[in-house]
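Some notes on the structure that comes next.
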Amino acid sequence: MELWAGLMEQTVCSACGRQMTLKDLENNSFSEVDGKMYCPQCFLKIGHPRKMRCPNCGRETTALLRNGVYTCIYCGEKIGGRQESGVIASARPSAGRDSTVRRPAAAAPRPLRPQKDRKVQVLAVALSGFAAASLILAALLVRAHFSRDAEPSQPAAHGEEQKQPVRPEPKSKDAEALQRVQNWVKENPEKIEQGIKLYNQTIQDMTDPVFKARTRIAVIALQTKLEQADRVKQGKLEQLTRELEEAREQIQNLKTRLEKASRAPAPKEAQPPAPRTTETAPKTTPAEKRAREAAAAFQDALGKAQKQQALKQYGQAMKTMQAFADNYQHTEYGGKAEDKCKTISRHAYGQFGTLRKRADVLVEQGDYTGARQLYASALGFGVPDITGLVEQCLAEIRRLEENQVGATAKEPTPPAVKRQIEALSSEDKSERAEAARRLGDLGDPAAVLPLIEALKDEDSWNVRACAAKSLGKLGEISAVPALIDALGDKSDGVAFDAHNALKAITGEQFSRAQRAKWLAWYKENKVGAQRPAPKPVQQKGSSAFTSTVIERRYDPDTVSFVVPEGKTLAAGTNVKLLRDGDHICNVLIQQVAGAQAFGELSGLQHGAEVAPGDKITVQPPE
């Protein structure tokens, strides 16, 4: 490659026109075969280097064949030579090149023998052709030798290739086993799962991997077929399910239409429709019509009775079901109506029994007003037998009240009550109001008449309001007329307190404008009007007392209430608060200041509440 360094300054390929420089030589872009250089683009021979001495400059150089002649690379003069195929045209070196560049001394040039080289080339080409022919001949001989062992076959027709005979391969045990299973599967196409099991058993006994692979392919094919069959079955099942649902809906629609048709009134002039088919529709018997009518009427009566029962109008509900039973007594639904009537009656008696137990507890505690309110709610049931029982219970309560009046009339008035009654005559308005309030907290029936007089105090509306509140706390029926008159007081506060007192005594919820109803209630219940309050708080042997809630706080949960005169509570005492005999909560007394006790509330019962102004019973521990 070093010989070409001076030849490649300006060389152009005659075939592709590429210009080669020294960079191509440095990058080894040329192809060199047998000392000859070829173009890197078109692979044609560039030239044949020769060592020659220039006759012009006398320098020994490597000449380049240009335009058919060898040319000196120093002076550019022709040296001699002949044209060869594949050589390229080269441009003359540039004029600025230094032609006096010193070169190292070279050996003496060899004489040129172009004719001898030409003969060598021809001889080489001939030898190459001979070698190729020898190879072709050897290949033909080998093919002919191997074709002799083949069996003679019939000559093929014109344009057809001769077919070689196929030798049958000997069958192995794996092949025979596979063939047996395939034959069984063909004979039993519906037994797919058994076929899969047979294939799997056959695979375990096989040794040839080829037949194992074929067997696995057969198993996969059967599994695919089985999955397809399952999908087809599932699709048919879903279709049948949809058809069944549609049939059910059609049946339900037909039933609904039939019921509506049975309930609808018959037309006045019913004309028989023209028969569409030869078959006649089955006629409905009178018994069937009666049964359909009874079913529809039973549903209506049952709904009405259930609404009345929810409002605790048991008598009306029983009448509704009994009327239906009388109208349809010879039908199936008539018996059902009678059973429902008995069920309502049992429920009403159960409710009355619960109310009676609660009323008995109140009577034992001396709260006749609360017991009377419970029995009044039982009168709203509307059941005749229960109404008779309620009247008997009310008569018993009146008898107890009369006996209690006679017993308490002989008892002397406590000194504390006397002092408060005397304070009602004070000239100071605030003292009169405080005395009226304290009499209600003491709970002595001897204060009823003085409070009725205080209810007429014209100088102070506060005195009248306190008197109305105290009368409501005492719960005496004899105070009802005076409270009814106070409903028309010129002060709205007095009228409001009088109205609340009436509701507390009677248990009714009449409005302030319904004075006639209040008077009617008093006329019905005025027997035993001298009803005393519960036992006086000063009575020996009784530690419980009646009080009023003053204040209720929630953070923390505390309550304060009134402590009447004659009663003492110590800090740290855990008392119970009762309302209508029912336990509400517990209070741990923290402080007692004068007539007021303050404590922490705990154990509040579900649904119970303690609010300012509530009348409660305080029960200290025994």
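Overview of results
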| item | result |
| --- | --- |
| Exposure of Val122 as accessible area (Å², to 10), given a probe of 1.4 Å and all protein chains | 80 Å² |
| Length added when fully stretched, Gln252-Glu458, from 0.36 nm per residue minus Cα-Cα | 66.4 nm |
| Within the accessible area of the range 307-444 (1.4 Å probe), percent carbon and sulfur | 49 percent |
| Cα lying deepest toward the dipole's positive end in the range 337-435, options Tyr375, Ile344, Ile386, charges on Cβ | Ile344 |
| Phi-based couplings in Hz for the range 576-582 (Karplus 6.51, -1.76, 1.60; Gly and Pro marked x) | 10, 9, 10, 9, 6, x, 9 |
| Alpha-carbon centroid distance for the pair the range 373-404 / the range 423-444, whole angstrom | 35 Å |
| Two-site FRET efficiency, Val69 against Ser128, from Cβ-Cβ distance with R₀ of 35 Å, rounded to 0.05 | 0.75 |
| Distance violations [Cα-Cα > 20 Å] among Lys312/Lys523; Lys312/Lys340; Lys473/Lys567; Lys503/Lys523 | Lys312/Lys523 |
| Dipole axis of the range 184-226 (+1 Lys, Arg; -1 Asp, Glu on Cβ), positive-most option in Phe211, Gly195, Ala221 | Ala221 |
| Ordering of 480-490, 134-144 by packing [mean C-beta count within 10 Å, highest first] | 480-490, 134-144 |
| Relative packing of 327-340, 496-509, which averages over residues the other C-beta atoms within 10 Å, highest first | 496-509, 327-340 |
| For Thr558, distant residues with modelled amide H under 5 Å away | Arg553, Leu601 |
| Net charge of Cβ neighbours under 13 Å - reference Thr224; Lys, Arg +1; Asp, Glu -1 | +1 |
| Separation in nanometres of the label points that stand 7 Å from Cα toward Cβ, at Glu338 and Phe496 | 5.9 nm |
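The values are calculated or read from the model by the stated rules, or taken from the named source; none is laboratory data. Predicted, not measured: the structure shown is a model, and the values here were computed from it. Heads up, the Cβs are rebuilt from the backbone with ideal geometry, glycines too, and the neighbour counts pull from every protein chain shown. We work out accessible area using only protein heavy atoms, side chains counted, and drop any ligands, DNA or RNA first. Shrake-Rupley method; radii C 1.70, N 1.55, O 1.52, S 1.80 Å.
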